[in-house]
Every structure is written in C-alpha cells, then in structure tokens.
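Only one structure is covered here, and it is reproduced in the block below.
The values are calculated or read from the model by the stated rules, or taken from the named source; none is laboratory data. Everything numeric in this text was worked out from a predicted model, so none of it was measured. Quick reminder, even Gly has a Cβ in these numbers, built from the backbone with ideal geometry, and neighbours come from all protein chains shown. For the accessible areas, the whole protein counts, side chains as well, though only heavy atoms, and no ligand, DNA or RNA atoms are used. Shrake-Rupley method; radii C 1.70, N 1.55, O 1.52, S 1.80 Å.
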Amino acid sequence: MPVLQAVERLERYAPGGADTDTPSWSREGAIVLYWLGAFALAWLFRLSEPFAFNVEQTIGSVWGIGLLIATLGFSQWLYAQVAIHEERPFNVIGTPIFIIGNSLGETLAFLLVFKLGTFVGSGITYAAGLSGIPSHLIVFGSGFFTFLIYGGAIHGLFWMRIFPPHFREDERARKIRKFRLWSETMLSFSWCLVFYVFEDFWSVVFFHAVVDTVLMVRVRPRIFRFVSSPSGASL
C-alpha cells in the first residue's frame with residue numbers, strides 16, 4: 001500500500017527532534033498549538049461526540065471492545081520490540097502532561113479528520129444516488145482513508161521531528177516495523193469503526209492514552225520538562 005510505504009520512509013529518514021536537556025519552548029509550543037487547534041476546530045464545528053458518553057455501547061457490543069483490545073495489544077507489542085529510549089531517564093513531569101493532552105487533543109483531531117472524510121463520502125453517495133450498505137461502505141471508507149492519510153502525515157512530518165530517533169535499525173527491527181505499519185492501520189480501523197458505529201469518542205481517548213503511555217515509557221522524550229537538568233536526571 002503506497003500510504004504505508006510513505007509512512008515507513010518518513011519514519012526511517014525523518015531527522016528526529018533535538019534530544020537535549022535544554023527545554024525547548026518552540027517544541028512544546030508546537031505541540032500545545034496542535035492540541036489547541038484541535039479543540040478550537042471541534043468547538044467551531046460543534047462536534048457532539050465529546051459531549052456524549054457512549055462507552056457502554058462499545059463495551060456492550062463485545063466485538064467493538066474486543067477489536068479495540070486486539071488491535072491495541074498487537075500494535076503496542078510490535079512497537080515495544082523496536083522502540084528504544086537509549087538510556088534516557090523516565091520523564092516524570094512530561095509523561096502525564098503528554099498523555100492527558102495528546103489523548104484528548106489528538107483524538108479530537110482524528111475525529112475531525114474522520115468526519116471530514118465521511119462528509120466527502122456522504123456527498124459522493126448522494127450524488128450517485130446510493131443508499132443502504134453500499135452508502136455506508138463508501139462513507140466509512142472515505143472517513144477511514146482520510147484518517148489514514150492524516151495519521152501518516154502528522155506522524156511523519158510532525159511527531160517524528162519532535163521525538164528523538166527511537167527505532168532499532170537492525171534487520172529484525174526493520175522487518176517488524178513493516179508489520180507494525182499494518183498493525184497501526186488495523187488500530188486506526190478499529191478507532192474509526194468506533195467513531196462511525198457507536199459515535200464513541202471517549203473509548204478512543206482511553207486507548208489513545210494507552211498508546212501514549214507506551215511511547216513515553218519506551219521512548220522517554222524530553223518534552224514538557226520546563227527546566228534544564230545538567231545531570232541528565234529527568235524532572
């Protein structure tokens with residue numbers, strides 16, 4: 001799939017963020033602006049999903065929560081095989097800030113992008129006079145494809161330039177990373193399906209928080225620390 005190949009190239013050749021003990025207001029500022037932009041757009045377009053608690057519907061469906069758990073577990077197990085922190089200390093302050101901020105802010109961005117895609121898909125089905133299952137497939141597929149493109153772009157063009165290089169480069173790791181891209185696609189599929197079928201924002205927020213937790217534990221980027229630490233100890 002061309003999209004996955006593009007993401008793999010971005011991951012491998014992105015320069016990576018500066019990994020120093022000096023706080024970077026421009027780096028943290030970019031992250032916060034990204035989150036605030038998502039909140040602002042969600043308010044502008046009056047998204048209803050954040051104000052509805054439909055987690056019970058996802059859990060009650062069994063297949064919904066099962067798909068979320070299965071795709072999350074597989075993708076994060078693969079990620080843990082290739083991600084390294086290179087002896088960076090655990091980021092005590094930055095970890096909870098990032099997990100809370102990103103699980104909310106970026107999930108809003110994901111929801112916005114998915115709904116943009118479904119809006120386009122709805123226009124296509126209306127123009128073609130389609131209804132029923134074909135209509136749902138096109139609407140969902142358009143939303144998922146838009147989500148996938150955005151997810152790959154924001155990961156490769158933004159996050160990989162903020163986080164330090166953090167992937168193993170041995171032959172085994174390169175093979176795993178190719179499988180990992182497919183696992184991330186399935187994870188994205190499960191999130192989009194929950195958005196579409198259950199209009200459930202908060203389940204995706206929770207699972208996104210787990211993904212962010214794994215990242216902060218395995219990679220330990222020096223973000224949201226605010227003070228320098230010449231000794232290298234994380235604050």
Sorted largest first, extent of the chain alpha carbons per principal axis (Å): 64, 41, 32
Portion, in percent, of the accessible area of the stretch 49-182 that falls on carbon or sulfur, probe 1.4 Å: 72 percent
Starting from the stretch 80-142, pick out the chymotrypsin sites (Phe, Trp or Tyr not before Pro) whose DSSP state is loop and whose Cβ has at most 13 other Cβ atoms within 10 Å. F90
Relative contact order (%) - criterion: Cα under 8 Å, at least six apart; region: the chain: 45 percent
Connecting every pair of Cα atoms under 10 Å apart in the chain and solving the GNM, the largest mean-square fluctuation among F198, F45, F167 falls on F45
Please give the helix 63-82 orientation as an angle from the longest Cα principal axis of the chain, in degrees from 0 to 90, rounded to the nearest 10. 30 degrees
For the chain, what does the accessible surface come to per residue with a 1.4 Å probe? Please give it in Å². 50 Å²
What helix-only [θ] at 222 nm does the chain give? Using -39500 (n - 2.57) per DSSP H run of at least 4, over all residues, to the nearest 500, the answer is -23500 deg cm²/dmol
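Before anything else, pin down the relative contact order of the stretch 95-235: Cα pairs under 8 Å, at least 6 apart, normalised by residue count, whole percent. List each step's numbers first, then the result.
Details: 92 pairs, mean separation 46.7, N = 141.
Averaging sequence separation for qualifying contacts and normalising by length gives 33 percent for the stretch 95-235.
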Given a 10 angstrom Cα cut-off, can you work out which residue in F201, F51, F163 is the most mobile in a GNM of the chain? F51
Within the chain, which is the longest segment containing none of the GluC sites (Glu not before Pro) that sit in a DSSP loop and have at most 12 other Cβ atoms within 10 Å? 1-85
Using a Gaussian network for the chain with springs between C-alpha atoms less than 10 Å apart, which of these wobbles most: S135, S190, S26? S26
Within the chain, longest stretch clear of exposed trypsin sites (Lys or Arg not before Pro) (DSSP loop, no more than 14 other Cβ within 10 Å): 47-167
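I need the per residue convex hull volume for the stretch 103-193, using only the alpha carbons, in cubic angstrom as a whole number. Present the calculation step by step, with values, prior to reporting the outcome.
Details: hull volume 9.9 nm³, N = 91.
Spelled out: Cα convex hull of the stretch 103-193, divided by residues, is 109 Å³.
Going by the alpha-carbon gyration tensor, a ≥ b ≥ c the square roots of its eigenvalues, is the stretch 58-102 rounded (a/c under 1.5) or, if a/c is not under 1.5, prolate (a/b greater than b/c) versus oblate? All intermediate terms of the calculation are to be shown ahead of the outcome.
Numbers: a/c = 5.11, a/b = 1.70, b/c = 3.01.
Oblate.
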